[in-house]
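**Student:** Handing you a structure now.
The values are calculated or read from the model by the stated rules, or taken from the named source; none is laboratory data. Everything quoted here is computed from the prediction, not taken from an experiment. Backbone-built Cβ (ideal geometry, glycine too); neighbour counts: all protein chains shown. The area values use the complete protein model at the heavy-atom level, side chains included, leaving out ligands, DNA and RNA. Shrake-Rupley method; radii C 1.70, N 1.55, O 1.52, S 1.80 Å.
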Amino acid sequence: MRNFFRRKQYEIPDSWAVCHVGGDRRATMRINTPLEGFVHKADFSISTVFAISLSSFDAESDIPIIFEDALFEQLQDSGLGIIAAIVTNSETRDFITYVKNEKSGPKTKQLMRANFPTVQMDISSQADVEWSLFHNLLPSL
(Lines give C-alpha, C1' and ligand atoms only; values in the text may rest on other atoms or scores of the structure.)
Protein backbone atom coordinates (compact mmCIF):
# COMPACT_ATOMS: atom_id res chain seq x y z
CA MET A 1 0.00 0.00 0.00
CA ARG A 2 2.94 2.31 0.66
CA ASN A 3 3.90 2.37 -3.04
CA PHE A 4 0.38 3.39 -4.02
CA PHE A 5 0.92 6.98 -2.86
CA ARG A 6 4.47 7.33 -4.17
CA ARG A 7 4.85 9.94 -6.90
CA LYS A 8 5.76 8.70 -10.33
CA GLN A 9 9.36 9.62 -11.07
CA TYR A 10 10.35 10.56 -14.61
CA GLU A 11 13.73 10.31 -16.27
CA ILE A 12 14.17 13.93 -17.34
CA PRO A 13 16.89 14.63 -19.91
CA ASP A 14 19.48 17.12 -18.77
CA SER A 15 21.47 18.67 -21.61
CA TRP A 16 21.26 22.45 -21.77
CA ALA A 17 22.09 24.62 -24.77
CA VAL A 18 22.95 28.29 -24.29
CA CYS A 19 22.19 30.96 -26.89
CA HIS A 20 21.41 34.64 -27.34
CA VAL A 21 17.84 35.66 -28.13
CA GLY A 22 16.08 38.78 -29.33
CA GLY A 23 16.86 41.28 -32.03
CA ASP A 24 19.58 42.97 -29.98
CA ARG A 25 20.90 39.60 -28.72
CA ARG A 26 21.23 41.00 -25.19
CA ALA A 27 19.11 38.29 -23.63
CA THR A 28 20.45 34.81 -23.06
CA MET A 29 18.60 31.55 -22.87
CA ARG A 30 19.43 28.15 -21.48
CA ILE A 31 17.14 25.50 -22.90
CA ASN A 32 16.99 21.77 -22.22
CA THR A 33 16.90 20.75 -25.89
CA PRO A 34 16.41 16.97 -25.39
CA LEU A 35 12.97 17.71 -23.94
CA GLU A 36 11.86 18.01 -27.57
CA GLY A 37 11.50 14.22 -27.59
CA PHE A 38 10.28 13.85 -23.98
CA VAL A 39 7.64 11.10 -24.05
CA HIS A 40 5.74 12.22 -20.92
CA LYS A 41 4.75 15.69 -22.19
CA ALA A 42 1.05 14.98 -21.73
CA ASP A 43 1.63 14.51 -18.00
CA PHE A 44 2.92 18.11 -17.78
CA SER A 45 0.37 20.04 -19.81
CA ILE A 46 0.36 23.47 -18.16
CA SER A 47 3.08 25.91 -19.22
CA THR A 48 3.93 28.17 -16.32
CA VAL A 49 6.38 31.07 -16.49
CA PHE A 50 7.96 32.29 -13.28
CA ALA A 51 9.36 35.78 -13.95
CA ILE A 52 11.61 37.18 -11.26
CA SER A 53 12.78 40.75 -11.27
CA LEU A 54 16.55 41.06 -11.30
CA SER A 55 16.22 44.37 -9.44
CA SER A 56 15.38 42.22 -6.41
CA PHE A 57 19.01 41.16 -6.22
CA ASP A 58 22.21 42.89 -5.26
CA ALA A 59 24.83 42.65 -8.04
CA GLU A 60 27.11 40.68 -5.71
CA SER A 61 24.36 38.40 -4.42
CA ASP A 62 24.20 34.64 -4.87
CA ILE A 63 20.42 34.75 -4.44
CA PRO A 64 19.62 34.23 -8.17
CA ILE A 65 21.55 30.95 -8.14
CA ILE A 66 20.06 29.89 -4.81
CA PHE A 67 16.58 30.79 -6.11
CA GLU A 68 17.13 28.72 -9.26
CA ASP A 69 18.33 25.73 -7.24
CA ALA A 70 15.29 26.01 -4.96
CA LEU A 71 12.92 26.18 -7.94
CA PHE A 72 14.49 23.03 -9.42
CA GLU A 73 14.01 21.34 -6.05
CA GLN A 74 10.37 22.47 -5.71
CA LEU A 75 9.42 21.36 -9.22
CA GLN A 76 11.68 18.72 -10.74
CA ASP A 77 13.02 17.02 -7.65
CA SER A 78 9.50 16.70 -6.22
CA GLY A 79 8.03 15.45 -9.53
CA LEU A 80 5.56 18.35 -9.83
CA GLY A 81 7.04 19.94 -12.93
CA ILE A 82 9.88 20.39 -15.39
CA ILE A 83 12.03 23.45 -16.02
CA ALA A 84 12.37 23.60 -19.80
CA ALA A 85 14.18 26.91 -20.34
CA ILE A 86 15.55 29.94 -18.53
CA VAL A 87 15.62 33.30 -20.31
CA THR A 88 17.57 36.17 -18.78
CA ASN A 89 17.34 39.73 -20.02
CA SER A 90 18.29 43.05 -18.41
CA GLU A 91 15.16 43.15 -16.23
CA THR A 92 13.95 39.63 -15.51
CA ARG A 93 14.91 35.98 -15.36
CA ASP A 94 12.03 33.90 -16.74
CA PHE A 95 11.77 30.23 -15.85
CA ILE A 96 9.69 28.44 -18.49
CA THR A 97 8.25 25.38 -16.80
CA TYR A 98 5.66 22.70 -17.41
CA VAL A 99 3.59 21.51 -14.46
CA LYS A 100 1.04 18.76 -13.94
CA ASN A 101 -1.97 20.90 -13.05
CA GLU A 102 -3.17 24.45 -12.50
CA LYS A 103 -2.56 24.28 -8.74
CA SER A 104 1.14 23.42 -9.01
CA GLY A 105 2.24 26.87 -10.23
CA PRO A 106 0.57 28.95 -7.50
CA LYS A 107 1.58 26.41 -4.85
CA THR A 108 5.21 26.61 -5.99
CA LYS A 109 5.04 30.41 -6.06
CA GLN A 110 3.74 30.43 -2.48
CA LEU A 111 6.57 28.15 -1.32
CA MET A 112 9.19 30.20 -3.16
CA ARG A 113 7.79 33.46 -1.78
CA ALA A 114 8.04 32.02 1.76
CA ASN A 115 11.72 31.19 1.18
CA PHE A 116 12.55 34.38 -0.76
CA PRO A 117 10.24 37.12 0.57
CA THR A 118 12.21 39.99 -1.03
CA VAL A 119 12.13 38.55 -4.56
CA GLN A 120 9.56 40.12 -6.88
CA MET A 121 7.91 37.29 -8.78
CA ASP A 122 5.13 37.11 -11.36
CA ILE A 123 3.57 33.92 -12.60
CA SER A 124 1.52 33.15 -15.68
CA SER A 125 0.05 29.81 -16.73
CA GLN A 126 -1.84 28.38 -19.67
CA ALA A 127 -2.76 24.97 -21.03
CA ASP A 128 -0.10 23.82 -23.51
CA VAL A 129 -0.46 20.09 -24.13
CA GLU A 130 1.65 20.28 -27.31
CA TRP A 131 4.44 22.24 -25.56
CA SER A 132 4.16 25.01 -28.17
CA LEU A 133 5.93 27.59 -26.02
CA PHE A 134 8.93 25.28 -25.62
CA HIS A 135 9.05 24.41 -29.33
CA ASN A 136 8.89 28.10 -30.28
CA LEU A 137 11.96 28.73 -28.10
CA LEU A 138 14.07 25.92 -29.57
CA PRO A 139 16.96 27.27 -31.62
CA SER A 140 16.58 26.54 -35.30
CA LEU A 141 19.55 24.90 -36.96
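**Student:** Just checking, which of Ser45, Ser61 is at pLDDT below 90 and polar (S, T, N, Q)?
**Tutor:** Ser61
**Student:** Here's a follow-up. On the basis of being surrounded by fewer than 19 Cβ atoms within 10 Å (Cβ to Cβ) and in contact with a helix residue (DSSP H, G or I) (Cβ under 8 Å, 6 or more places away or on another chain), does Ala70 make the cut?
**Tutor:** Yes; evaluated as a whole, the condition is true for this residue.
**Student:** If a residue must be outside any helix (DSSP H, G or I) and of a type in the set (D, E, K, R), how many such residues does the range 36-61 contain?
**Tutor:** Looking only at that region, the number is 2.
**Student:** A further question follows. Can you name the residue in the range 17-40 that is β-branched (Val, Ile, Thr) and open to solvent by 30 Å² or more (accessible area, probe 1.4 Å) and is also farthest from Ile82 (Cα to Cα) among such residues?
**Tutor:** Val21
**Student:** Only strands (runs of 3 or more DSSP E) wholly contained in the range 62-141 count here; list those with 2 or more residues that are within 11 Å of the chain's Cα centre (by Cα).
**Tutor:** Because the criterion is at least 2 residues that are within 11 Å of the chain's Cα centre (by Cα), the strands (runs of 3 or more DSSP E) in the range 62-141 that meet it are 81-88, 92-99.
**Student:** If the requirement is being exposed (fewer than 12 other Cβ atoms within 10 Å of the Cβ) and closer than 17 Å to Cys19 by Cβ, which of these qualifies: Asn89, Asn136?
**Tutor:** Of the residues listed, the single one that is exposed (fewer than 12 other Cβ atoms within 10 Å of the Cβ) and closer than 17 Å to Cys19 by Cβ is Asn136.
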